[in-house]
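Worksheet: one structure, shown below.
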C-alpha cells in the first residue's frame, strides 16, 4: 500500500483530522530543520576543533556567556506560538466542545469490554434504554433493561459502528471492566474509556469507507484482538441501514469476545 | 558505631565484599547487579521483538525451553508477551538504569568528587543495596511464583492490574525497591550537601554532583506517592478494598465483588507523579556524566556551567508539575490538559539549554576522540532526536493521534537508550581506570561504540515510522489489526537490529572482565582530569584520600593560562588562578 | 563507643565542620520526614479525591467512637510532651529523668496502640472490614499506616532506651534522641490531621 | 550512623543549638489540649460539611504548627531545613490541587452505577 508522503500518516477521514495532520507535519518539518542545522554545526565543531598537536585551546567567556540560551529563545517562541495559535484552540475544538442542541448529532453509546466493543443506538425514539450491570449475561452483554420502554427499540451491535458521513456523531464512551481506548487512526481520534465514567467523544466523518477501530490501551491478554469496524456511509445508506436494524425486539448482540 | 568506616577495611570477606559499608564496594555491587538486570531485561525484549516481527511463529532456540503454558510449541501467548512487556519496563527502569546511573555511579563517584571519605550513612547505604537486591530478585522470581509475572505493563494501570495475576509480587517488590531508592536519596543528599571538602562551595561542585543531588530530590519527593499508591493497590488485591475500582464492574461476565467507589484515574495521577520525575532520574545522571567527559576531553571548561546547573534545578522543580502529559487522552479533564501542555513546553527550555551548553563546550576545544568521548558525543545528537520527538507528544492535539503508538516507544527509547545508556556506557569507560586501576581496551571499545550506536538507531528509528502509521504499542500480534500491515516490515528491521545490538554488547562484557583482571595498568589520573576523584589513588583505598583534600578552584580548570600543565586539579593550590 | 575511637580514626576524619551546620543525622531525619510528608499527602489526596467522587459518605461520629479518638489524640500529645522532655533531660545530663520520660513516651505508645486495636476489634466484631466500603478502606489503611509509624517510633525509642545504659555519654547520643523525637512528633502531627478527618468530618 | 564531626567534639551538646525550654513545652501542651477539646466540641454542632472542614483543618493546622515549631524546634532552626520543607510543601500543593481539581472538573462524567441501582430498588 502506498500513501502520499504526508509523514506516513494514514488517510484522513474526519473533520478535525487535517488540523492534527497539519500540526504533525509542521512540527516534523521544524524538527527536521532544527536537527539538520544543528547537526551541521555539531559536525563542523567536531572537525574544526579536533585535537591537533600544534593548535591549542581557545577559551571563550564561559562564566558570563548567555550564548547557550539563544536557541532557547527561538524554541520558546516557536512553542508559545504552537500553544496559543494551535494547541489550545484545536484541543478545545476536539475535546471540549461537543455537538448538541440544534446540531442534532447522531448519538450512540460505545461500551467497551474485554475484548469487544459493544455499540448501542437509541433507535427511533432517540432515547437510550437503561442499562444495569446486574443484567449483564452472555446474551445481554451491555445489561440492557428490557422493562424500560426506551430500551425496546434500541439497536445493540458488537464490534461494528455505523456513522453517516458529513454529520457529527456524539459517542458516549464507557467500559464494563478495565480501561480501554477508542482509537480510529483514520479519524485521528483516541480516547480512553475509564471504568466508572462516561466520556463524550465526537467525530464528524468526512469520507465514506470502512475503518478499523482498535483498542489502544493495554486491556489484557487479547488486547491486540480487540478490534471493530467503523462503517461510514452516505446519510441515505445510513438511514436505510438503521431502519433495517431497528428491531421489533432488541437484538441479541454477539457474545463477549466473540471476535476471536 | 560511627567508626567502622575509618581506618582499615574490615578483614572478613563477608563484611568487606558482601555486607559492605564502603561506598566503593557498594557502588560496584550496584554496578554489576544493575548490568545483570539490564541484560536480562534486554533478553526479554529480544523475545518480544521476535513476536512482533514474526507473530505466531515459534521463537527460535529458546521457544521450546519456555513452559508450554506460556508458549505452546514455542509460540508466545498474549499472557507471556504482556508479562515480558511489564517486566522489561520494570527491570530496565527500576532495576537497571536508576541503580546504574544513580546508585552505582553516584555511590562510587559522588563521595570522591566532593572529597569525602564515605557516604554519610554507610550502613543505610548497605541496607539500600540489599533492599534493591531482594526486591529485584523477587521481581524476577515472579516468573516462577504462583500467578506468574505481572501482566499490566510497568504502569500497572488499575483496574486491569487489580484483576491480573502476578501483580501482588510486582507490588511487593516495588515497595522494596522504592524504599531502597528513598534511603539512597537521603544518603546522597546528606553526603553531597553536608560532607563537601573545605573550599568546595556549591558552585564549585562538578556537574555530575549537581545532577546526583537533583536526582536525589526527585527520588525523595516523587517516590513516596508511588509507594503509597502501591500500598493502596496492594490493599485492593490482598484485603479486597476498592481504592481504584469503581462500582458496578463486570469482568468477562462476572460482577466484581468490590464495594466500589474507587478511581482508576487516581492511580494514573499517582503513578505519573512519580513516572515523570523518574524520566529525569534516568536522564540527569547521564547528563552529568556527559558533562564530565566533555570537559576532560575538550581540555577546556564547560560552556555555561551555571546555566547547566540552574537548568538542572529548573528541570528538578518543573518535572513535578508535568506528569499528566502522559494522560492527555486518559479521560482526565481536558482543562487540565491545557495546564500540563504549558508546563510541558516550559520544561523543554532547560533541557535545550543543557544540550546547547554541551555543544558550545566543544567550540574552541581540542577534542580527544577517546572512547568515553565518543559515547558522550553520540549522546548529543541522539538525545536530541529523543528530545525533539517529544514535542509532538507533549502537544495535546498531536498527542491525540500519537498517544500510545510506537512513536512514543521510539521517543522514550531514544531518550533512555541512546541518551541515558549511551552516556552510562561512556561513564564506564571514563571511570573504569579509577575503579580498577586498569584501562579497558580501546579498539574493542570502539567496536562496541560504533556497533551499538548503529544498532540502536536500527532498533528505534523504525518505531517512529511505525508509530506515524498509527500502530499501537503493547500489541502482541500487530498483524491482527489490518491498519498495521503496511508498515509491518519495519518491525523486522527493528528486530534484526535488536539482535545485532545484543551481539555488540559481547565486546563490552568481555572488555570489562578482561579489563578488571588483565587490562593495562594506569596511573591515578589517566585522563588528566581536574575533579577530586582523580586526586586519590586508583582504585582508592579504604577511606579514599590519603589526607583530606582542600579545594581551591572551579571544577573544570582546563587550559588555565599560565599554568604549567593544561589541567589544574581542584585540590592544587596555585596563585595564578 | 566513644572510648573505642582510635587516634587513627580521629586523624582520618575530615575537619569537624558540617557544611550546613547541621549534623548528618539531623539532616537525614528531616529529609526522611520530607518524604514521609509526601507519603501521607498522597493518602490525604486519595481521601479527598475519593470522597469528592463518592455518592454518599458517613459522617465520622456516626460510625466511629469519638471519645476514644479524642483520648488517643490526647495520649499522643502527652507522649509528644514527654518525648521533648526526655530531650530536655538529656540536655541537662539528667540520666534518671531522661529514662523516666522516655519510658513514659514508650508506654503511651502502647496505650495508643491498645486503644486503637480496641477500636479496630470493635469494628471487626460488627463485620466492618476494609473491604466493606471505601470509607472503611481509607480508615483502616490510613490509621493502620499511622499505627505502623507509631510502632516504628516505639522500636527506635525502645532501642535508645536500652542503649542509653551504655551510650549515655556517647557524643552522638543526643543527636539520636533528637532524631527519634523529630520522627515521634511527626507521627503526632499526622494523627492531628487524621483525627478530625475520620472522626469529626 | 557516621557523624564524623562528633569524633572531634566530645561534648554531646555540640551541634544541638536548641536549648530546651520546659515552660514553653508545657504552654504548648496546654494549647494543644485546649484546641483538641475545641475541635471535638465544634464537631457536636454538626456544621455543614464545608464549614466543618474549614474549622477542623484550621485547628489541626494550628496544632500541627505548634508541634513543629516548638517540639520539633523549627523555631530557630537553620534556613536549610526551612528550604527542604518549603520545597516539600510546594510539591504537596501540586499533589493536592491537580488530582483533586481533576476529580472536581470531571464530576459530570462520573457514573455511580451502584447508587442508581439501589435507588431504583427502593
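Scan the stretch B:515-524 and tell me whether some residue there is touching a residue at least 12 places away in the same chain (Cβ under 8 Å), within 25 Å of the chain's Cα centre (by Cα) and not in a loop (DSSP other than H, G, I, E, B). Checked against the condition, which is being touching a residue at least 12 places away in the same chain (Cβ under 8 Å), within 25 Å of the chain's Cα centre (by Cα) and not in a loop (DSSP other than H, G, I, E, B), the stretch B:515-524 yields at least one hit.
Counting the residues of the stretch C:73-93 that are more than 7 Å from every other protein chain (Cβ to nearest Cβ), under 30 Å from residue C:136 (Cβ atoms) and crowded, with 24+ Cβ neighbours inside 10 Å gives 2. Looking at the stretch B:96-170, the helices (runs of 4 or more DSSP H) lying wholly inside it that each contain 3 or more residues that are within 25 Å of residue B:289 (Cα to Cα) sit at B:105-113, B:122-141.
Each residue in the stretch D:71-86 was checked for being within 8 Å of chain C (Cβ to nearest Cβ), under 15 Å from the mean Cα position of the chain (by Cα) and in a helix (DSSP H, G or I), and 2 pass. For the stretch C:171-195, the set of residues classified as facing chain D (nearest Cβ under 7 Å) and in contact (Cβ under 8 Å) with a residue 40 or more places away in the chain consists of C:171, C:172, C:173, C:174, C:175, C:178, C:182, C:185, C:188, C:192, C:193, listed by residue number. Residue B:360 meets the conditions (1) at pLDDT below 95; (2) buried (at least 24 other Cβ atoms within 10 Å of the Cβ) in every case but one. The failed one is (2).
Output the residue which, of all residues in the stretch B:426-475 that are farther than 30 Å from residue A:190 by Cα and assigned to a loop (DSSP other than H, G, I, E, B), is nearest to the other protein chains (Cβ to nearest Cβ). Within the stretch B:426-475, the match that is nearest to the other protein chains (Cβ to nearest Cβ) is B:439.
Of all the listed residues (B:159, B:165), the sole one being over 30 Å from residue C:21 (Cβ atoms), surrounded by fewer than 24 Cβ atoms within 10 Å (Cβ to Cβ) and not assigned by TED's automatic domain parsing to the domain that holds residue B:316 is B:165. Inspect the stretch C:120-130 for any residue being surrounded by fewer than 23 Cβ atoms within 10 Å (Cβ to Cβ), over 17 Å from residue C:85 (Cα atoms) and within 10 Å of another protein chain (Cβ to nearest Cβ) and give the result as yes or no. Checked against the condition, which is being surrounded by fewer than 23 Cβ atoms within 10 Å (Cβ to Cβ), over 17 Å from residue C:85 (Cα atoms) and within 10 Å of another protein chain (Cβ to nearest Cβ), the stretch C:120-130 yields at least one hit.
Does residue A:94 satisfy the condition of being under 30 Å from residue A:231 (Cα atoms), within 9 Å of chain B (Cβ to nearest Cβ) and touching a helix residue (DSSP H, G or I) at 6+ places or on another chain (Cβ under 9 Å)? Yes. Within the stretch B:336-346, can you find the residues that are crowded, with 23+ Cβ neighbours inside 10 Å and more than 9 Å from chain A (Cβ to nearest Cβ)? Of everything in the stretch B:336-346, those that are crowded, with 23+ Cβ neighbours inside 10 Å and more than 9 Å from chain A (Cβ to nearest Cβ) turn out to be B:340, B:344.
Here's the yes/no breakdown for (1) part of a helix (DSSP H, G or I); (2) at pLDDT below 95:
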site	(1), (2)
C:15	no, yes
C:22	no, yes
C:27	yes, yes
C:30	yes, no
C:57	no, yes
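Candidates D:67, D:40: the one that is assigned by TED's automatic domain parsing to the domain that holds residue D:21 and in contact (Cβ under 8 Å) with a residue 24 or more places away in the chain is D:67. Residues of the stretch B:291-315 that are crowded, with 24+ Cβ neighbours inside 10 Å and more than 14 Å from chain A (Cβ to nearest Cβ): B:292, B:293. Taken together, the residues in the stretch A:7-53 that are closer than 18 Å to residue B:487 by Cβ and within 9 Å of another protein chain (Cβ to nearest Cβ) amount to 7.
Scanning the stretch B:347-376 for residues that are in a helix (DSSP H, G or I) and within 7 Å of chain A (Cβ to nearest Cβ) yields B:348, B:349, B:352, B:353, B:356, B:357, B:359, B:360, B:362.
If you go through the stretch B:476-485 and keep only what is within 7 Å of another protein chain (Cβ to nearest Cβ) and in contact with a helix residue (DSSP H, G or I) (Cβ under 9 Å, 6 or more places away or on another chain), you end up with B:476, B:477, B:478, B:480, B:481, B:483. Annotation: of all residues in the stretch B:231-280 being at the interface with chain A (Cβ under 8 Å from one of its Cβ atoms) and in a helix (DSSP H, G or I), the one that is nearest to residue B:161 (Cα to Cα) is B:264.
Rundown of residues vs (1) modelled with pLDDT of 85 or more; (2) over 30 Å from residue A:185 (Cβ atoms); (3) in a helix (DSSP H, G or I); (4) not assigned by TED's automatic domain parsing to the domain that holds residue A:205, yes/no style:
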| position | (1), (2), (3), (4) |
| --- | --- |
| A:4 | no, no, no, yes |
| A:18 | yes, no, yes, yes |
| A:38 | yes, yes, yes, yes |
| A:42 | yes, yes, yes, yes |
| A:56 | no, yes, no, yes |
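So that you can scan it fast, the table gives a plain yes or no per residue for (1) farther than 23 Å from residue B:160 by Cα; (2) more than 7 Å from chain B (Cβ to nearest Cβ); (3) touching a strand residue (DSSP E or B) at 6+ places or on another chain (Cβ under 7 Å); (4) not in a loop (DSSP other than H, G, I, E, B):
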residue: A:186; (1), (2), (3), (4): yes, yes, yes, yes
residue: A:190; (1), (2), (3), (4): no, no, yes, yes
residue: A:207; (1), (2), (3), (4): yes, yes, yes, no
residue: A:211; (1), (2), (3), (4): yes, yes, yes, yes
residue: A:214; (1), (2), (3), (4): no, no, yes, yes
residue: A:217; (1), (2), (3), (4): no, no, yes, no
residue: A:220; (1), (2), (3), (4): no, no, no, no
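From the list A:97, A:127, the lone residue that is farther than 30 Å from residue B:359 by Cα and without any contact (Cβ under 8 Å) to a residue 12 or more places away in the chain is A:97. Would you check if residue B:267 is outside the structural domain of residue B:313 (by TED's automatic domain parsing) and under 29 Å from residue C:144 (Cβ atoms)? In short, yes.
Quick one: would you say residue A:14 is within 30 Å of residue A:211 (Cβ to Cβ) and touching a strand residue (DSSP E or B) at 6+ places or on another chain (Cβ under 6 Å)? Judged against the criteria, residue A:14 is a match.
Just one of the numbered conditions (1) surrounded by fewer than 18 Cβ atoms within 10 Å (Cβ to Cβ); (2) in contact with a helix residue (DSSP H, G or I) (Cβ under 7 Å, 6 or more places away or on another chain) is not true of residue A:55: (2). Selection over the stretch D:38-52 of residues that are under 10 Å from residue C:201 (Cβ atoms) and outside any helix (DSSP H, G or I) gives a count of 1. Only a single criterion out of (1) under 20 Å from residue B:209 (Cα atoms); (2) part of a loop (DSSP other than H, G, I, E, B) is not satisfied by residue B:546, namely (1).
The values are calculated or read from the model by the stated rules, or taken from the named source; none is laboratory data. What you see is a predicted model; the values in this text were computed from it and never measured. Cβ atoms come from the backbone with ideal geometry, glycine included; neighbour counts cover every protein chain shown.
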